[in-house]
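Asker: Here it is: the structure, laid out below.
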Amino acid sequence: MSEAVEGRSMTEGRALLTEREREALAGDGSDSYRYKTRTYFRSRLEQLETDVALLAEHDPELLDDLREVVCEDATDGDGREATDTTTE
């Protein structure tokens, strides 16, 4: 794989969801795939917890960057206050 393609694949693509998964959650596609996508997402959240713990210990600056993106406001986007579980 070329360095340009390799570099692109490391910085582009999915974060937590693929494009198809985003579409499924938005209502495009079958209910079955939407259900599977919800399951995949919950599994990725569990993996994210592990990553957050690693960042807290080994690279707090990157963890701060992540928090800035995820916790943009003091709410979760639905009016509920966001909770920081990484310091418990």
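Asker: How much FRET efficiency would the formula 1/(1 + (r/R0)^6) give for ALA26 and GLU57, where r is the Cβ-Cβ distance and R0 is 35 Å, rounded to 0.05?
Answerer: Plugging the Cβ-Cβ distance into 1/(1 + (r/R0)^6) gives 0.45.
Asker: Then there's this: Given points 7 Å out from each Cα along the Cα-Cβ axis, report the LEU45 to THR18 separation in nanometres with one decimal.
Answerer: Those two pseudo-labels are separated by 2.1 nm.
Asker: In addition: Count charges around GLY27 for me, please; just the other residues with Cβ under 14 Å from its Cβ, Lys/Arg as +1, Asp/Glu as -1.
Answerer: Net charge around GLY27: 0.
Coordinate-derived values only; no laboratory data. If you're wondering where the values come from, they're calculated on a predicted model, not measured in any experiment. So basically every Cβ, Gly included, is an ideal-geometry build from the backbone, and we count neighbours across all protein chains shown.
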